[in-house]
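Here is the structure we will look at, set down as structure tokens.
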Amino acid sequence: PDGLGLTWPAAGLSLEKASGVLPFAFASDFTGGAGEPADLQPGSLTFARLAVGPLVLDPAPIRLQAALNRLVIRHPLVFRVAGGRLEIQDAAAAYTLKGADMSARIRILEVDLQQLTQTLGVLPLMGRLNADLGKIRYVDGVLSAPGTMDISAFGGDLSIRGMRLEAPLTPYASFFADIDFTALDLFQLTRTLAVGEMNGIADGHIREQRMPLGNGQ
């Protein structure tokens, strides 16, 4: 690309003045499998602006490497989001006989939930989000994260582990997680969720919470 511009309003994607060399090698028969790290060919991409929804990536060269049916970004990517940042390292994607196989290490630091929820136009929350998700992976239609997400909200703290998103691109998408919470102010919680009014402080946990995200049955 040379001076490429791209917008995708439904996904909140905006790319301005992208230039560089993108390595690309693809085979559809999969007889040789995905390329090995020793076969990686280098490339790079520069841009004036890259945004995906509330995420904004500051202009800096992105170093890419590609082998047959494999793409790797070794260079860390740091997105600004709602007063904090999202860091992505060791991003890799491969396409195999079983489909897409993607992975990356992700951290989220000091994100302001009020800014984030206002930008996304969802249920307004006040608090702070931090997470070390470890090496997340998408394979066989399941996105899993071995790490932890910590949320300070409703006067207390929530810790979310064992996160798993099944069938994310279908009407039957479901999110699974284990949740621990301490010192939650029930008045703040019920007022925010508009489910009546309760007073008190709650500690507890939820195991294998399942939250349907699609409109399937």
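Please name whichever of 153, 189, 139 sits farthest to the positive end of the charge dipole of the stretch 102-208, dipole taken about the Cα centre and charges placed at Cβ: Lys and Arg +1, Asp and Glu -1. Highest projection toward the positive end goes to 139. Distance from the Cα centroid of the stretch 109-166 to that of the stretch 1-16 is 26 Å (rounded to whole angstrom). Carbon-plus-sulfur accessible fraction, the stretch 124-217 (probe radius 1.4 Å, protein heavy atoms only): 58%. Each helix, a run of at least 4 DSSP H residues, gives -39500 (n - 2.57); summed and divided by the residues of the chain, these come to -2000 deg cm²/dmol at 222 nm. Looking at (1) -0.73, -1.00; (2) -0.68, -1.18; (3) -0.55, -0.90, which value of log10 I(q)/I(0) by the Debye sum over Cα atoms at q = 0.11, 0.15 Å⁻¹ comes from a calculation on the structure shown? It is the value labelled (2).
Treat every Asp and Glu Cβ in the chain as -1 and every Lys and Arg Cβ as +1, leave all other atoms uncharged, and give the resulting dipole magnitude about the Cα centre to the nearest 20 debye. In debye, rounded to 20, the chain gives about 320. Solvent-accessible area per residue in the chain equals 60 Å², computed with a 1.4 angstrom probe and all protein chains kept. Positive-end ranking of 213, 21, 172 along the dipole of the chain, with charges on Cβ about the Cα centre, is headed by 21.
The values are calculated or read from the model by the stated rules, or taken from the named source; none is laboratory data. All figures in this text were calculated on a predicted structure; none of them were measured in a lab. All Cβ positions, glycine included, derive from the backbone under ideal geometry; neighbour counts span all protein chains shown. Quick note on the areas: whole protein, heavy atoms, side chains included, nothing else; ligands and nucleic acids left out. Shrake-Rupley method; radii C 1.70, N 1.55, O 1.52, S 1.80 Å.
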